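Quick notes on the structure that follows.
The values are calculated or read from the model by the stated rules, or taken from the named source; none is laboratory data. Everything numeric in this text was worked out from a predicted model, so none of it was measured. Every residue, glycine among them, receives a Cβ derived from its backbone with ideal geometry; neighbour counts consider all protein chains shown. Accessible surface is based on the protein model in full, side chains and every heavy atom, while ligands, DNA and RNA are left aside. Shrake-Rupley method; radii C 1.70, N 1.55, O 1.52, S 1.80 Å.
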Amino acid sequence: FKELAGSRPLSELRTAEEAAANVSGPVSEADGQVNEGEVHPDAAEQMQKPLTAGSTEAEELEKYVAIREELYKKAKELDSKIIGFETAIRRPYFHVRPLNVAELENWHNYLDFIEREGDFNKVVKLYERCLIACANYPEYWIRYVLCMEASGSMDLANNALVRATQVFVKRQPEIHLFAARFKEQNGDIEGAQAAYHLVHSEISPGLLEAIIKHANMECRLGKLEDAFSLYEQAIAIEKGKEHSQTLPMLYAQYSRFSYLVSGNAKKAREILTGALDHVQLSKPFLEALIHFETILPPPRQIDYLQSLVDKFISPNSDGSAADKEDLSSIFLEFLSLFDDVQSIKKAEDRHAKLFLPHRPMSELRKRHAEEFLSSDKTKLVKSYSGAPSPGQSLMGAYPNAQNQWPAGYGAQPQTWPPTTQAQAQAQPWTSGYSQQEILLTGTTLAYAKDEFRKTETQDIF
């Protein structure tokens, strides 16, 4: 640019608007794009200052070039900061195949950096770039909406939300649940209700999270009957399904919700009692019952819970052994809080009888063996920590070597690496070693060899 400016008059470098206003602004369409996206606001303001009246063309040209050089330096400085993020973007275009974890994290980190810079135009442009490649990921749309809301640009926030919910991720319930909360927070109650109804009717019917959040919103609005009706309608729909996984938790949540918002413990218990006619006993449902009983005022129905837990953890009932043991432990903790010592002892005895004898012993044996070998290796390290001198006898340096190993190891065959006849004659065996048998594992044997070589002890191996 300096070469160009030196060979051209300033009038050819300026645009028509700049020449008319007598300011040194952006010189071209391309430069304007760079300035708008990557130059610090102070530099842009500097370019808008009018030149000093009466200055010669050479002085004006010098000032103009100085301003352009400052813009160039700031652009290079920004480029050095973002080059790592840009290099990590392997797919700047949209594709149905999912992005890998590294690329997704890079986009988040890049957005974090640009948001900290504080340039709103750069933030908007980077989000739009990001959402080309990450259009199928609701978390980026949600982040975009929240960022625009925090910046006070509600038009951009609502625009992004519409694009997400109606075009790009319209079949994912996560974005509609966020839209409902966002609209409620901004006073659009009808829009929030419509978003919830869309999830209930089309996107994901029977989604427990949507039912809970919708009922909680109706409760905040003071419409308790509508909230109860939501649970009852959802329960009625789930009853018509075979082996519904949602129905037990719906009953549990409905009972808890009824008690917390209305304080009616009787109604809450009736909901749970009626649920037992329509659901199978399972760990999540019984765990919810136990937790619910802890928040109810006394008297607590401990005997009733006991009968349900006994039925579930019995050997003839369905359910995995791990679930049964976990539930039994949870119930023991409940009894330790609210029951007497005799009932606790009875439950502990039953727990021990059912579960302790059936634990897999192979893992325990393996762990014990590893700990035992680790302990032996530690002993060996301690024994070899004081290296003998070259003239010291082996039995004198390690008087306890024969008693160091467990007796059970003596029954194993002993294998020594081959030695030549000359080596055998040069290093005769002591009488003590001719009568003992020592078994060393492969790791311990290698360690012993290294230690003896380091101390220049005669090679007995």
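Between Ser262 and Val341, the simple label model (points 7 Å from Cα in the Cβ direction) yields a spacing of 4.3 nm.
When a 1.4 Å probe is rolled over the protein heavy atoms, the share of accessible surface on region 185-238 that falls to carbon and sulfur comes to 52 percent. Backbone phi angles across region 63-68, fed through the Karplus curve with coefficients 6.51, -1.76 and 1.60 (θ = phi - 60°), yield HN-Hα couplings of 5, 4, 5, 4, 5, 5 Hz in residue order; Gly and Pro are listed as x. Per-residue packing, averaged as other Cβ atoms within 10 Å, sorts the ranges 101-111, 195-205 into the order 195-205, 101-111, beginning with the highest. Ordering 238-245, 116-123, 226-233 by mean Cβ neighbour count within 10 Å, with the highest value first, yields 226-233, 116-123, 238-245.
Rounded to the nearest 20, the Cβ-based charge dipole of region 280-356 about its Cα centre (Lys and Arg +1, Asp and Glu -1) stands at 140 debye. Net charge dipole, region 107-238: roughly 400 debye, given to the nearest 20, about the Cα centre with Cβ charges of +1 for Lys and Arg and -1 for Asp and Glu.
For Glu12 and Arg129, what is the calculated FRET efficiency with R₀ set at 45 Å and r taken between the beta-carbons, to the nearest 0.05? Calculated value: 0.85.
Counting pairs of alpha carbon atoms under 8 Å apart in space and at least six apart in sequence, what relative contact order in percent does region 125-168 give?
On the way: 26 pairs, mean separation 14.5, N = 44.
So the answer I get is 33 percent.
Charges at C-beta only: +1 for Lys and Arg, -1 for Asp and Glu. How large is the resulting dipole of region 175-251 about its Cα centre, in Debye rounded to 20? Mind showing how you got there, number by number?
Values: 7 positive and 11 negative charges, 32 e Å.
The calculated dipole for region 175-251 is roughly 160 debye.
Applied to region 196-202, the Karplus parametrisation 6.51 cos²θ - 1.76 cosθ + 1.60 on θ = phi - 60° returns per-residue 3J(HN,Hα) values of 5, 5, 5, 5, 4, 8, 10 Hz, with x for Gly and Pro. In region 280-356, the portion of solvent-accessible area held by carbon and sulfur atoms comes to 55 percent [1.4 Å probe, whole percent, DNA, RNA and ligands not counted]. The gain in end-to-end length when the Lys76 to Ile330 segment is fully stretched comes to 85.3 nm, 0.36 nm per residue minus the alpha carbon separation. Among the listed pairs Lys311/Lys353; Lys2/Lys125; Lys213/Lys239; Lys2/Lys73; Lys266/Lys346, those with a Cα-Cα distance over 19 Å are Lys2/Lys125; Lys213/Lys239; Lys266/Lys346. Look at the dipole of region 280-356 built from charges on Cβ: of Leu286, Ala321, Leu354, the Cα furthest out on the positive end belongs to Leu354. Look at the alpha carbon pairs under 8 Å that are at least 6 residues apart: their mean separation over the length of region 280-356 gives a relative contact order of 30 percent. Per residue, the accessible area of region 214-350 comes to 54 Å², computed with a 1.4 Å probe over protein heavy atoms only.
Spacing of the modelled spin labels on Phe120 and Phe94, each 7 Å from Cα toward Cβ, amounts to 2.7 nm.
Rounded to the nearest whole Hz, the Karplus-based 3J(HN,Hα) values (6.51 cos²θ - 1.76 cosθ + 1.60, θ = phi - 60°) of region 226-232 follow the sequence 5, 5, 4, 5, 4, 5, 5, with x at glycine and proline.
Annotation for Glu270 and Glu202: the two label points, set 7 Å from Cα along the Cα-Cβ direction, are 3.8 nm apart.
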